[in-house]
Every structure is written in structure tokens, then in C-alpha cells.
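Shown next, in C-alpha cells, is the structure this report addresses.
The values are calculated or read from the model by the stated rules, or taken from the named source; none is laboratory data. What you are looking at is a predicted structure, and each value in this text was computed from that prediction instead of being measured. Here the Cβ is made from the backbone with ideal geometry for all residues, glycine too, and neighbour counts use every protein chain on show.
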Amino acid sequence: MKKYDIAAFIWPSYTGDEPRSRIFWPEGYGEWQTVKAMKPMFEGHQWPRRPLWGYVNEADPFVMEMEIEAAAAHGVNVFIYDWYWYDGRPFLEQCLDNGYLKARNNDKVKFYLMWANHTATSIWDKRTAEMNQPIWRGEVDFEEFKNVVKRAIEYFAHPSYYKIDGKPVYMIYELTTFIKGLGLEGARRALDYFREETVKAGFPGLELQITHRGSRAFNVTGIDPIYEGDPIAAINSLGFDSGTHYQFVHMTRMARDYLEILEDVKKEWAFVEESFNMPYYPHVSVGWDANPRYNILRPNICKNNTPENFEVALRMAKDYVDSHSELKAPLITVNSWNEWTETSYLQPDDLYGYGYLEAIKRVFLDGAEG
């Protein structure tokens, strides 16, 4: 049986252990506060949805042991942790540090980091979501980036850190913000420094991964004059080792049937493959509906994203990996493990039960043949 690396993103907000999170969710148990308060916004709106596991604290290692067992049993064998650095220090690390890393079974599901370097805004606070005001800036200068690198390399040493050819995998979420803080030449210097420090720490290298934003969505600022008007060439010049996506919403309009969306996803995968000088690992999203975070209806809601249709997307991603022998790993990324307030999660709920996890199991455990 061929083995696949099914990597689900984790949004580490479902814990009250981070004191700074209370400015967004003052009740003290993270963004579960938003999930619990959600009400339907129109007739037929499939909310509220409730977690079958309850409003658990994902910074509790016993909770994460349960979640790791469920993930591994259904074919999810990698977690990609959204990781934050704001105001000179990390933010929302407790889900990883206190939950996953202290779980006794974390050898069953590996992990790697995606630096979610976007600006933090009031969107996380439903009381002020429509204002969308910045709280902490996402861009950093080179001296601050050195601190980010130091923190990342500390995680690389963990035996469950996910590596490709022995190289730790590290994803940068928002390239435009990264370049805004450093400039294009500064971004090259920063990435070179990151690679050098990783080698100094005893690793054979670093697998730097870019988060793609859709074929026409890149807006790279601070680029060199020789790349003016050609953001793809500018991005290629940075030397990333691979790429994937974070969400279907970054590729296309979501207010459509899920199977119709998949036609655009196929086109996006083809565009990325043709345009960028790096391997692409296919991405699948469960769905999209960000209305739990808002007070006014956001109509860009994915339709008909049933577990059965999600399985179609998974088989599409599996076929992509099987037909691209040049890929360095059989990696597929999934949004997500627990993005409840974006309605794109694998965790079981009171609508589909374990349906999404069972779809992964059918495709990658029950139906995968070597």
C-alpha cells in the first residue's frame, strides 16, 4: 500500500491558555466563544454546527492525544500548525507547546510550522469584526526575523517534526507581507540566512515552502526594478523549494457548488505547475463560510461541500501526486483540522459526524494501493 502524507492545518485558537487571546475572546476559552455564539443568518443556513468532541481545550495534552489517535486512524498523519509572531514574541503557541508536544502519542502524527505572518486584525473579535482594524503588524525587519528563525529551529529538533529528505519543512503564509517588511533583496538575504542557520543546527538543509495565493492574486511590493510588472519572476528569484495553497478561497469564488469549484482548482494547479520553478503539492479545502466571525452576512459561502464531494477532491489530489513522480514527498495539504469559524474542518460535528475524516480514510487508507 502506498503511503501518503495528509497534512491538515491547525488553527491554534481553541484554548484559553494564551493570555493575549483574551482581547479577542474575553470569556477565556479561545475562539470557541465565537462558535458557541453563532446563529443561522438566513433560512437554510447550516449553522450552528456543534463539535461532537465538545468545546475542548486543545492545549491540554490529553485532548490532543485523543485528537492524534483520531487523525492517525483516518489517514491524517501530519499537522501544519499556524504559528504567529507579534510584537516581538510568539502568539498562540500553547496549542502546540502544551497540547501536541506534551501528548504521549505525538509520534503518530508529525507536525511542521506555517508562519502565519499576516497582520492580526479585529476580525477575530466578533464585536468589532466588520471594522477589520490592525492589532499587530505582520511584517518584520531582518533583526526581528532572526528571532523568528531561532524559535523555528528549536522546533526542528523534535523527532516528530516533518522533514523531506531530512530537511525540516517550513511554510511562509503571506509572501507580500514578508517582502513588505524586508524588500525583495532583503527577503533573499533573510531566506539565505534561515538556510544557513538550519545547516549550522545540524540539518542537511531547509525545505522552504510558499503559500500560493491564486494565479492572479500575488501583489508583491518592494520588488527590484528588473522584475517590475512580473511578480512571478520575482517570486521565482527567491528560491523557494516547494509550494502549496492554504485555502480554495485564495484561488476562486466560493459561492458556488463544490464540484464546480473543483474545476477552477484543477486550472489553478496547472497554472502553478507551469509558472513557478518549484514542485507543487496539491491542496484540498473542506469548504468555506466565514460568517461565524461576522455580524453581517458574508455571502461567499461554499455550497454542497458534502463528505462525498470532498472525497472527489481528495481523489483528484491523490491522482495529482501519483502522476507527478518528481515530487519529493507524497504530500497533500488540507484545510483544515479545526477552522470552525471558516467552516472548513475535518473534526466531527453534529451535521456530518465523522464524514470528512471517513472520506480521507477511504481514499488514503482503505483505497490506496502500491
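Condition first: at pLDDT 95 or above, surrounded by 21 or more Cβ atoms within 10 Å (Cβ to Cβ) and over 24 Å from residue 147 (Cβ atoms). Can you find one or more residues in the stretch 79-102 that meet it?
no
Mind checking which pairs have a first residue in the stretch 142-164 that is without any contact (Cβ under 8 Å) to a residue 60 or more places away in the chain and closer than 24 Å to residue 327 by Cα and a second that is crowded, with 18+ Cβ neighbours inside 10 Å and among the basic types (Lys, Arg), Cβ under 8 Å, 6 or more apart or different chains?
160/110; 161/110
A quick yes/no check of all residues on (1) under 18 Å from residue 72 (Cα atoms); (2) touching a residue at least 12 places away in the same chain (Cβ under 8 Å); (3) aromatic (Phe, Trp, Tyr):
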{"site": "319", "(1), (2), (3)": "no, no, no"}
{"site": "324", "(1), (2), (3)": "no, yes, no"}
{"site": "327", "(1), (2), (3)": "no, yes, no"}
{"site": "336", "(1), (2), (3)": "yes, yes, no"}
{"site": "345", "(1), (2), (3)": "yes, yes, yes"}
{"site": "348", "(1), (2), (3)": "yes, yes, no"}
{"site": "351", "(1), (2), (3)": "no, yes, no"}
{"site": "361", "(1), (2), (3)": "yes, yes, no"}
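If you go through the stretch 206-226 one residue at a time, do you hit one that is of a type in the set (A, V, I, L, M), within 24 Å of residue 157 (Cβ to Cβ), modelled with pLDDT of 95 or more and surrounded by fewer than 14 Cβ atoms within 10 Å (Cβ to Cβ)?
no
Kindly provide the set of residues from the stretch 304-328 that are out of contact with any strand residue (DSSP E or B) (no Cβ under 7 Å at 6 or more places or on another chain) and assigned to a loop (DSSP other than H, G, I, E, B), ordered by number.
Selection gives 305, 306, 323, 324, 325, 326, 327.
Test residue 170 against the criterion of being in a strand (DSSP E or B) and aromatic (Phe, Trp, Tyr), and give yes or no.
Details: in a strand (DSSP E or B): yes; aromatic (Phe, Trp, Tyr): yes.
Taking the combined requirement at face value, the residue satisfies it.
Hey, residue 166 hits all of (1) over 18 Å from the mean Cα position of the chain (by Cα); (2) crowded, with 17+ Cβ neighbours inside 10 Å; (3) closer than 20 Å to residue 108 by Cα but one; which does it fall short on?
Exception for residue 166: condition (2).
Name the residues in the stretch 304-351 that are surrounded by 21 or more Cβ atoms within 10 Å (Cβ to Cβ), closer than 21 Å to residue 45 by Cα and β-branched (Val, Ile, Thr), would you?
Across the stretch 304-351, the qualifying residues are 341, 343.
Does the stretch 301-349 hold any residues that are over 20 Å from the mean Cα position of the chain (by Cα) and among the polar types (S, T, N, Q), and which are they?
Of everything in the stretch 301-349, those that are over 20 Å from the mean Cα position of the chain (by Cα) and among the polar types (S, T, N, Q) turn out to be 304, 306, 309, 323, 325.
Hey, can you tell me all the residues within the stretch 234-266 that are surrounded by fewer than 21 Cβ atoms within 10 Å (Cβ to Cβ), in a helix (DSSP H, G or I) and not aliphatic (A, V, I, L, M)?
Listed by number, the residues that qualify are 236, 250, 260, 263, 264, 266.
Of all the residues that make up the stretch 120-157, how many are surrounded by 15 or more Cβ atoms within 10 Å (Cβ to Cβ) and assigned to a loop (DSSP other than H, G, I, E, B)?
7
Taking residue 301, is it surrounded by 16 or more Cβ atoms within 10 Å (Cβ to Cβ), part of a loop (DSSP other than H, G, I, E, B) and of a type in the set (Val, Ile, Thr)?
Working: surrounded by 16 or more Cβ atoms within 10 Å (Cβ to Cβ): yes; part of a loop (DSSP other than H, G, I, E, B): yes; of a type in the set (Val, Ile, Thr): yes.
The answer is yes for residue 301.
Which residues, counting only those in the stretch 92-103, are of a type outside the set (Gly, Ala, Ser) and touching a helix residue (DSSP H, G or I) at 6+ places or on another chain (Cβ under 6 Å)? Give the derivation first.
From the stretch 92-103, those of a type outside the set (Gly, Ala, Ser) are 92-98, 100-102; that's our starting set.
Those that are of a type outside the set (Gly, Ala, Ser) and touching a helix residue (DSSP H, G or I) at 6+ places or on another chain (Cβ under 6 Å): 100, 102.
Can you pull out the residues in the stretch 333-363 that are touching a Lys or Arg at 6+ places or on another chain (Cβ under 7 Å) and either part of a helix (DSSP H, G or I) or within 18 Å of residue 265 (Cβ to Cβ) (or both)? Talk me through it step by step, then tell me what you get.
Narrowing the stretch 333-363 to residues touching a Lys or Arg at 6+ places or on another chain (Cβ under 7 Å): 341, 349-351, 363.
Hits for the stretch 333-363 are 341, 363.
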